[in-house]
Amino acid sequence: MAYRRIRSVFKKLDNLTIQASLDGKINDQFKITGWIGTAGKPSDIEGNNKISLITRGKLAQEDVLSSYGEGGVYSSYVIGEINADFLDDDNSKDISTSNRQQYIEDDERYIALKSHIYTLLKNIQRTWTDLRKEKSTEKILNSIPIIKEWYNNLKPSTKKYAQRLFASIESMRFDEDETKKESF
């Protein structure tokens, strides 16, 4: 059920940026396919802020993202699907837990996958943060002329701090009747 729901959400997303297209080896033994993306707003992914593990075409673990304890703002925007058939290899020991919804965490296959996903998440965090700064800066400068004038008069070394400020403002959540412009 959850697997189909995530697929249907992905098909509806116009505001999704694929951050990592997965089609290759994570080491000499294990291969993965799939994708990890970020949405324009957390509400765009309709509560499906997860990275699902798929094995042999079936949902094997609904949400591996939650096992990382990522507290960064970017993690609220992440959605994805990773296909890792090597986790259910007939020639290897079964590493599914008894409820068939998770994996034995000290198995070398699962450790390799989790390590690879962690590296991907950190790369996505850096990329997402940079994109967020750019988009926030562009949005604010195009909508508030006085801010644009102020920004254009800053020294290049100071502009990076202004961009961080714009990204922070952009990520704030306001009540529906408030706008970011009114908060200045």
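A few comments on the model shown:
- On the beta carbon distance between R164 and T33, with R0 = 35 Å, the FRET formula returns roughly 0.50.
- On the beta carbon distance between K58 and T129, with R0 = 41 Å, the FRET formula returns roughly 0.75.
- Computed with the Debye formula from one identical point scatterer per Cα of region 33-84, without solvent, the log10 of I(q)/I(0) at q = 0.21 Å⁻¹ comes to -0.72.
- Relative contact order computed over region 26-96 (Cα-Cα under 8 Å; 6+ residues apart), in percent: 41 percent
- Counting only Cα atoms, region 113-174 measures 49, 30, 14 Å along its principal axes, largest extent leading.
Read-outs throughout are calculated quantities, based only on the coordinates presented, and are distinct from any laboratory measurement. As the structure is a prediction and not an experimental result, all values here were calculated from the model. Glycine gets a Cβ as well: all are built from the backbone with ideal geometry, and neighbour counts include every protein chain shown.
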